[in-house]
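Below: the structure, in structure tokens.
The values are calculated or read from the model by the stated rules, or taken from the named source; none is laboratory data. Keep in mind that this is a model prediction, so the values were computed, not measured. Using ideal geometry, Cβ is built from the backbone for each residue, glycine included, and neighbour counts are taken over all protein chains shown.
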Ligand code: DOR
Ligand code: ZN
Ligand code: ZN
């Protein structure tokens, strides 16, 4: 079969460093299979499945289960992320070595959903992963500074009378762990960077030779905290939407490479967890099916930079050298074909994700994924999933 690529842009298959798939535990919100469909439609060929499932992915057993489910779905390369600590208590290191040695071959370990506050524990985690060139992907939250936080702490939170999540709660922990990573000589990755101050710290750490990388989400590149004024919980997310000045700093940092990658933080939530009062709603937004279009809507990147920030660099951070985003001639490719001229309207009911919590509902966005290829085989053709 031949595909007419006239007018289309070919990108290496997109790689998401930060995807919540909710299996095991909350299959009503997303499964590995439904999340894989969403990923393929979004142009992704690999996703790193976050560890805050139920049970938490803190053993070889759970990461192998997620890895196996990914293979069965067969639409994207699902790479489980391991939890840094056991369960949600965060007081003891999980079996990092066992997860690394498992069939899932875990290389990324994260405290997303179960923050590591104790610097001794973070130091030991960094020392541990250094041994097999793993990386700690840090959720960038000092939880003792975010107790009760419902949105960004600033003018809008003061006006609305909502408890805020201050920028310093993110920046303090990034600074601490950047210093620790430098001391240990291990790799540290910063999840969902959301403030201008965080960008400054990461830039400083890189200049000092710290092995630090960082990601930004599509929603933090486009939306600001004034969205909370609607009290629509679809805009509630951790870290929260920030200010115009933060958004501009994030865009500049993504352009100059201080921020290495775009990652979705795709966070599906069941209707009852979102269609409630703001204070009770779970934080998080869908991302996989809109990420590329939002990056194009934000603008400012060349196509080659889009390929770097959304495929090649995240693949390198995740240790996916075998993913083959730049295959040798004749080798099966992971590839995404995009129609740059197409525009489409986001309809939550038409998404492949099992959840509906997209903050971009109703927006008309540029760029449509026409086809996605995993190991040379189409997973999406004419904008439709093959399975
Ligand atoms: O908004 C968020 N939701 N941020 C996170 O870090 C976790 C995620 C989730 O699991 O829903
Ligand atoms: Zn997080
Ligand atoms: Zn997350």
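Observations
- Of all the listed residues (156, 85, 146), the sole one being farther than 30 Å from residue 320 by Cβ, touching a helix residue (DSSP H, G or I) at 6+ places or on another chain (Cβ under 8 Å) and within 16 Å of ligand 3 (Cβ to nearest atom) is 146.
- Residue pairs whose Cβ atoms lie under 6 Å apart, separated by 6 or more positions or on different chains, with the first residue in region 217-230 and without any contact (Cβ under 8 Å) to a residue 60 or more places away in the chain and the second surrounded by fewer than 19 Cβ atoms within 10 Å (Cβ to Cβ) and assigned to a helix (DSSP H, G or I), are 224/244.
- Residue count for region 2-44 satisfying the condition of being surrounded by fewer than 24 Cβ atoms within 10 Å (Cβ to Cβ) and within 16 Å of ligand 3 (Cβ to nearest atom): 3.
- Leading residue by the ranking (farthest from ligand 1 (Cβ to nearest atom)) among those in region 125-144 that are assigned to a loop (DSSP other than H, G, I, E, B) and within 21 Å of residue 215 (Cβ to Cβ): 133
- Restricting region 105-124 to residues that are part of a loop (DSSP other than H, G, I, E, B) and within 14 Å of ligand 2 (Cβ to nearest atom) leaves a set whose member that is surrounded by the most Cβ atoms within 10 Å (Cβ to Cβ) is 111.
- The residues on offer are 307, 291, 249, and the sole one that is within 26 Å of residue 180 (Cα to Cα), at pLDDT 95 or above and surrounded by 18 or more Cβ atoms within 10 Å (Cβ to Cβ) is 249.
- Only residues that are more than 15 Å from residue 358 (Cβ to Cβ) and in a loop (DSSP other than H, G, I, E, B) were counted across region 271-285, and they come to 2.
- Taken together, 181, 175, 186 contain a single residue that is farther than 29 Å from residue 231 by Cβ and surrounded by fewer than 20 Cβ atoms within 10 Å (Cβ to Cβ), which is 175.
- Residues in region 137-148 that are farther than 16 Å from residue 198 by Cβ and within 15 Å of ligand 2 (Cβ to nearest atom): 143 alone.
- Failed criterion for residue 188 (all others in (1) assigned to a helix (DSSP H, G or I); (2) in contact with a strand residue (DSSP E or B) (Cβ under 6 Å, 6 or more places away or on another chain) hold): (1)
- Residues of region 91-104 that turn out to be assigned to a loop (DSSP other than H, G, I, E, B), touching a strand residue (DSSP E or B) at 6+ places or on another chain (Cβ under 7 Å) and modelled with pLDDT of 95 or more, as a count: 2
- For region 203-217, the candidate set comprises residues that are touching a helix residue (DSSP H, G or I) at 6+ places or on another chain (Cβ under 7 Å) and crowded, with 24+ Cβ neighbours inside 10 Å; within that set, the residue that is farthest from residue 241 (Cα to Cα) is 212.
- A count restricted to region 129-143 and to residues that are buried (at least 17 other Cβ atoms within 10 Å of the Cβ) and more than 14 Å from ligand 3 (Cβ to nearest atom) stands at 6.
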